[in-house]
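Working notes, beginning with the structure itself.
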Amino acid sequence: MPESDDDMLLLYFHGGGFCFVSPNTHSSFIGRVCQKICSRGLMVDYRLAPEHTYPAAHYDCYTVYRTLLKEGYDSRQIILMGDSAGGNLVLGTMLQIQQEKLPLPAAAVLLSPVSDMEMTGNSAYEKRNDDPFFDLPSLLLMRNTYLNGAPPREPLVSPIYAEYMKLPPTLIVVGSEEVLLDDSTRLFDKMIKAEHPVELIVGNGMPHVYPLFSQLPEADEAIESIAQFLLQHEVIKGEDPTVKTVL
């Protein structure tokens with residue numbers, strides 16, 4: 001197991017379509033990741049729609065990051081991570097960090113992130129009969145509930161349309177059978193063209209945010225991949241699990 005800095009913090013933004021949250025599910029997953037990378041974890045309890053619409057959740061997540069810096073955290077000790085809508089909030093927070101010229105986190109991990117609120121990806125239609133969790137009408141309902149009239153192409157809510165000036169090492173994990181597949185693959189392509197340090201993992205036959213489901217062996221593999229990615233980019237300390245010692 002890696003031996004990381006005692007002050008390393010995994011700052012997690014949960015998914016749930018900006019409208020709901022399942023603390024037990026997310027807390028268990030965050031605990032497994034933190035144990036693997038020897039980090040503390042903090043999940044942001046951001047405000048939810050329909051009572052609190054855009055930009056409430058974006059503001060809350062960015063404010064927590066900014067407050068951590070004000071309280072003395074080094075940005076190099078913070079890993080941003082989020083699933084689905086939470087992945088969108090990670091990207092939005094990094095855009096706000098850049099706009100305010102604050103130091104970026106050490107790394108970002110995105111699990112099936114929502115990157116295109118316009119939902120123009122082909123997978124939204126091609127995977128509509130394969131995705132066991134979402135269909136297009138449900139996604140549109142959650143999107144419209146949160147945006148409450150805000151333009152869906154605005155870069156802060158649709159990061160796929162943002163101009164990325166600089167980003168930390170970023171890992172994207174997505175399932176092959178989800179309607180949001182193209183939100184990840186198109187984001188990856190854009191970041192590659194901009195020469196950002198980014199890696200994409202597509203879980204074959206996997207559903208939306210599959211790393212959260214501890215009963216799947218692929219979930220454990222995803223957590224291993226997250227740890228490996230952070231090790232390779234020297235975000236956490238320890239021996240790279242891909243390197244074997246020959247006796």
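One table, with the values for the structure above:
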{"read-out": "The lone exception for residue 25 - which of (1) at pLDDT 95 or above; (2) out of contact with any Phe, Trp or Tyr (no Cβ under 8 Å at 6 or more places or on another chain) it fails", "value": "(1)"}
{"read-out": "Residue among 145, 93, 170 that is farther than 27 Å from residue 232 by Cα and either touching a helix residue (DSSP H, G or I) at 6+ places or on another chain (Cβ under 7 Å) or in contact (Cβ under 8 Å) with a residue 24 or more places away in the chain (or both)", "value": "145"}
{"read-out": "Residue 140 outside any loop (DSSP other than H, G, I, E, B), more than 21 Å from residue 107 (Cα to Cα) and of a type in the set (A, V, I, L, M, F, W, C)", "value": "yes"}
{"read-out": "Pairs with Cβ under 8 Å, 6+ apart, first in the stretch 224-247 and open to solvent by 80 Å² or more (accessible area, probe 1.4 Å) and polar (S, T, N, Q), second at pLDDT 50 or above and in a loop (DSSP other than H, G, I, E, B)", "value": "232/240"}
{"read-out": "Residue satisfying condition, being touching a residue at least 12 places away in the same chain (Cβ under 8 Å), touching a strand residue (DSSP E or B) at 6+ places or on another chain (Cβ under 8 Å), within 22 Å of residue 233 (Cα to Cα) and among the small types (Gly, Ala, Ser), within set 41, 86", "value": "41"}
{"read-out": "Residues within the stretch 209-229 that are in a helix (DSSP H, G or I) and aromatic (Phe, Trp, Tyr), tallied", "value": "2"}
{"read-out": "Any hit, the stretch 82-94, residues being out of contact with any Asp or Glu (no Cβ under 6 Å at 6 or more places or on another chain) and part of a strand (DSSP E or B)", "value": "yes"}
{"read-out": "Top-ranked residue of the stretch 46-63 - restricted to ones that are open to solvent by 10 Å² or more (accessible area, probe 1.4 Å) and touching a residue at least 12 places away in the same chain (Cβ under 8 Å), ranked as farthest from the chain's Cα centre (by Cα)", "value": "50"}
{"read-out": "When residues of the stretch 191-208 are limited to those that are buried (at least 18 other Cβ atoms within 10 Å of the Cβ) and not in a strand (DSSP E or B), the one nearest to the chain's Cα centre (by Cα)", "value": "208"}
{"read-out": "Meets criteria (touching a Cys at 6+ places or on another chain (Cβ under 7 Å), open to solvent by 10 Å² or more (accessible area, probe 1.4 Å) and of a type outside the set (Val, Ile, Thr)) for residue 40", "value": "yes"}
{"read-out": "Candidate set: the stretch 93-147, residues that are within 20 Å of residue 185 (Cα to Cα), surrounded by 15 or more Cβ atoms within 10 Å (Cβ to Cβ) and of a type in the set (Phe, Trp, Tyr); chosen: the one modelled with the highest pLDDT", "value": "133"}
{"read-out": "Matching residues in the stretch 148-190 - criterion: being of a type in the set (Ser, Thr, Tyr) and open to solvent by less than 30 Å² (accessible area, probe 1.4 Å)", "value": "158, 164, 170, 176, 184"}
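The values are calculated or read from the model by the stated rules, or taken from the named source; none is laboratory data. Just so we're clear, the structure is a prediction, and the values are computed from it rather than from any experiment. Please note: Cβ atoms are built from the backbone with ideal geometry, for glycine as well, and neighbour counts cover all protein chains shown. Calculation scope for accessible area: heavy atoms of the full protein, side chains included, ligands and nucleic acids excluded. Shrake-Rupley method; radii C 1.70, N 1.55, O 1.52, S 1.80 Å.
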